[in-house]
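Single-structure report; data block below.
The values are calculated or read from the model by the stated rules, or taken from the named source; none is laboratory data. Nothing here was measured: the structure is a model prediction, and the numbers come from that model. Neighbour counts are summed over all protein chains in view; Cβ atoms, including those assigned to glycine, are modelled from backbone coordinates with ideal geometry. Remember, those area values only see protein heavy atoms, side chains included, never the ligands or the DNA or RNA. Shrake-Rupley method; radii C 1.70, N 1.55, O 1.52, S 1.80 Å.
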Amino acid sequence: GDLTSGSISGGERGGPVLLTSLLSSYASTLQEAPAALEYLVLIPDPVSAGASKSIVTTSRTAKEYVQGFILETRAFEALAGLIGPDGKRVPPSQDMNGRPGALDAHFSPSEVSSLLAGAADDALRRSNAADAAELLSLAGKYADLLSVLNSELASLLVVDDTTDADMMGQRQFWRSAADAFHNLHLSGGPNHVMANLEAESRLDLGGTFKLIMNLMVFFDRCQARDWEGAWTLIDALGVFPSTEDDMRRSVANYQTLDSILKGKPFRQAAIGAMESLYQQHSVLKARLGGAQTSEAAGAINQGLEDLRARARLLVTFVGLCRLEGDVSARIARMEAYMV
């Protein structure tokens, strides 16, 4: 709500409220975000009875205004700077001597991080994940950033209607953002981002992120009907069992998956995997009649049997994982047609 409103009586408390109103109103008329910030940081707290009137640090009320201002203006670079190649924030310079400006001229690095993270929370409450991701990156909150990336990517792994330009655009936006993040921070050796995740005991988020990015490629291959390529990838990821002995490990791995993957994304992956086996089986079976030698026919029959064996394992696995919906029935139906 409006921090300047409320039933406040008496000059003692009316002064700060009037000053708050004047400062915030004037700040809103300024074109440049850093210039407006200079006035917002002067906003005082309402003075309660018996409280000292001396202001030594930026007031709590001012911080609330600044946090809202960060998100409203979206002047993230002007206020907070940029992310360097090492994953650390580089504050904007105030003058030729390189003294930090904007937020860093008034707040400590930890306070700036807290303000940016608070603005990111506000953005998420407004379903504005794109701004939240940028703010979390600037705040150095990489575990929270990866959580946002993972959540958005998982929800866009499969777009049911590929003619939906808006959904396809969102998928491309988050995929590009994820690719950039991966190339900068997760593909090399130890760095600031990895150290940050390790310090928070959240390296598992990196594993989930990489799995989601691979699943995105898998679903692209399914969409393109590159069934062999799709199966080769999903098999290499080790998501589904390759032998009977592998069943226990695969089920245990499913149980420890991030919750954002356990629902619809995993059900779609299981269906896509079975579809890729079924389609390969159909293509190979069509070749059987054209086999010129018994050796060629034998090789094709062995290939067909290998595909059927993997399909049976997948049916068993899905049953053990007790996936919701009609996944088990759909997969069992496809496996039954592989004769």
| query | With respect to residue 303, is the statement that it is of a type outside the set (S, T, N, Q), modelled with pLDDT under 95, outside any helix (DSSP H, G or I) and more than 32 Å from the chain's Cα centre (by Cα) true? | reply | no
| query | Do the conditions hold for residue 205, that is, is it of a type in the set (A, V, I, L, M), at pLDDT 95 or above, part of a helix (DSSP H, G or I) and open to solvent by less than 70 Å² (accessible area, probe 1.4 Å)? | reply | no
| All positions within the range 61-99 that are loosely packed, with under 12 Cβ neighbours inside 10 Å and either at pLDDT 85 or above or aliphatic (A, V, I, L, M) (or both) | 84, 96
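Within the range 166-186, work out how many residues are without any contact (Cβ under 8 Å) to a residue 60 or more places away in the chain and within 20 Å of residue 143 (Cβ to Cβ).
Selection size over the range 166-186: 9.
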| Those residues of the range 167-190 which are open to solvent by less than 40 Å² (accessible area, probe 1.4 Å) and over 17 Å from the mean Cα position of the chain (by Cα), in sequence order | none
| Of the numbered conditions (1) crowded, with 19+ Cβ neighbours inside 10 Å; (2) out of contact with any helix residue (DSSP H, G or I) (no Cβ under 9 Å at 6 or more places or on another chain), residue 249 satisfies every one except a single condition; which is it? | (1)
| field | residue 273 being within 20 Å of the chain's Cα centre (by Cα), among the small types (Gly, Ala, Ser) and open to solvent by less than 60 Å² (accessible area, probe 1.4 Å) | value | no
| Which residues, taken from the range 287-300, are free of Cβ contacts under 8 Å to residues at least 12 places away in the same chain and part of a helix (DSSP H, G or I)? | 294, 295, 296, 297, 298, 299
| task | Test residue 221 against the criterion of being assigned to a helix (DSSP H, G or I), open to solvent by 40 Å² or more (accessible area, probe 1.4 Å), touching a Gly at 6+ places or on another chain (Cβ under 7 Å) and not acidic (Asp, Glu), and give yes or no. | result | yes
| query | Do the conditions hold for residue 144, that is, is it surrounded by fewer than 21 Cβ atoms within 10 Å (Cβ to Cβ) and of a type in the set (Asp, Glu)? | reply | no
| query | Would you say residue 244 is over 18 Å from residue 260 (Cβ atoms), exposed (fewer than 12 other Cβ atoms within 10 Å of the Cβ) and out of contact with any Cys (no Cβ under 6 Å at 6 or more places or on another chain)? | reply | yes
| note | The residue that is modelled with the lowest pLDDT, considering only those in the range 151-166 that are under 16 Å from the mean Cα position of the chain (by Cα) and among the aliphatic types (A, V, I, L, M), is 158
| Checking residue 227 against (1) modelled with pLDDT of 95 or more; (2) within 24 Å of residue 127 (Cβ to Cβ), which single condition isn't satisfied? | (2)
| request: Go through the range 310-339 and give me each residue that's assigned to a loop (DSSP other than H, G, I, E, B), touching a residue at least 60 places away in the same chain (Cβ under 8 Å) and open to solvent by 60 Å² or more (accessible area, probe 1.4 Å). | output: 324
| request: Evaluate the range 182-190: report whether one residue or more is assigned to a helix (DSSP H, G or I) and of a type in the set (Ser, Thr, Tyr). | output: no
| What single numbered condition from (1) touching a residue at least 40 places away in the same chain (Cβ under 8 Å); (2) of a type in the set (Lys, Arg); (3) surrounded by 13 or more Cβ atoms within 10 Å (Cβ to Cβ) fails to hold for residue 210? | (1)
